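Reviewing the structure listed below.
The values are calculated or read from the model by the stated rules, or taken from the named source; none is laboratory data. Keep in mind the model is a prediction, meaning the values are calculated, not measured. Methodologically, a virtual Cβ is constructed for each residue, glycine included, from the backbone with ideal geometry; neighbour enumeration extends over all protein chains shown. These area figures cover heavy atoms from the full protein model, side chains too; ligands, DNA and RNA do not enter into them. Shrake-Rupley method; radii C 1.70, N 1.55, O 1.52, S 1.80 Å.
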Amino acid sequence: MKNMCEYDLLIRNARVIDGTGAPAFTAHVAVREGKIVLPVPENARGREEVDATGLTLCPGFIDAHSHGDSIFGTEAGRLCKVSQGITTEIVGQCGTTRWPVSQEADKKELFRQRMSN
């Protein structure tokens, strides 16, 4: 007997911005086994369902110039980005980053000085 839940998650009536540059459109979007499914039939069912009427669904955003490595691994570091839809960060553009740290004494000292400012 086939399981009545076709999808793990079904998001109904979302305004979708798909990241291609195309205009936004209203659709049902599903997730099955960790993968996004679109289009989804009108009569689809999900183990969990969300009514997204009036809400926008879009891919995660990339923060292309971040200093997030200074708070990496902290609760604030996770929440302040993800709550804004940021799923990817690029760090180290200013010439310093916390990782990797060289084991050479002079470079360790320079690193410590830069990070203490």
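Annotations
- In the stretch 82-97, the residues that are closer than 27 Å to Gln113 by Cβ and at pLDDT below 85: Val91, Gly92, Gln93, Cys94, Gly95, Thr96, Thr97
- Pick from the stretch 3-56, criterion out of contact with any Asp or Glu (no Cβ under 8 Å at 6 or more places or on another chain), touching a residue at least 40 places away in the same chain (Cβ under 8 Å) and charged (D, E, K, R), ranking: nearest to Gly85 (Cα to Cα): Asp18
- From the list Gly73, Gly68, Gly60, Gly77, the lone residue that is modelled with pLDDT of 85 or more and under 16 Å from the mean Cα position of the chain (by Cα) is Gly60.
- Picking from residues in the stretch 70-81 that are more than 27 Å from Ala30 (Cβ to Cβ) and assigned to a helix (DSSP H, G or I), the one that is least open to solvent (accessible area, probe 1.4 Å) is Gly77.
- Qualifying residue in the stretch 58-69 (condition: β-branched (Val, Ile, Thr), open to solvent by 80 Å² or more (accessible area, probe 1.4 Å), within 30 Å of Arg114 (Cβ to Cβ) and part of a strand (DSSP E or B)): yes
- Ile11 vs. criteria in a strand (DSSP E or B), open to solvent by 100 Å² or more (accessible area, probe 1.4 Å) and out of contact with any Pro (no Cβ under 9 Å at 6 or more places or on another chain): no
- Count of the stretch 16-52 residues which are surrounded by fewer than 17 Cβ atoms within 10 Å (Cβ to Cβ), outside any loop (DSSP other than H, G, I, E, B) and over 18 Å from the mean Cα position of the chain (by Cα): 7
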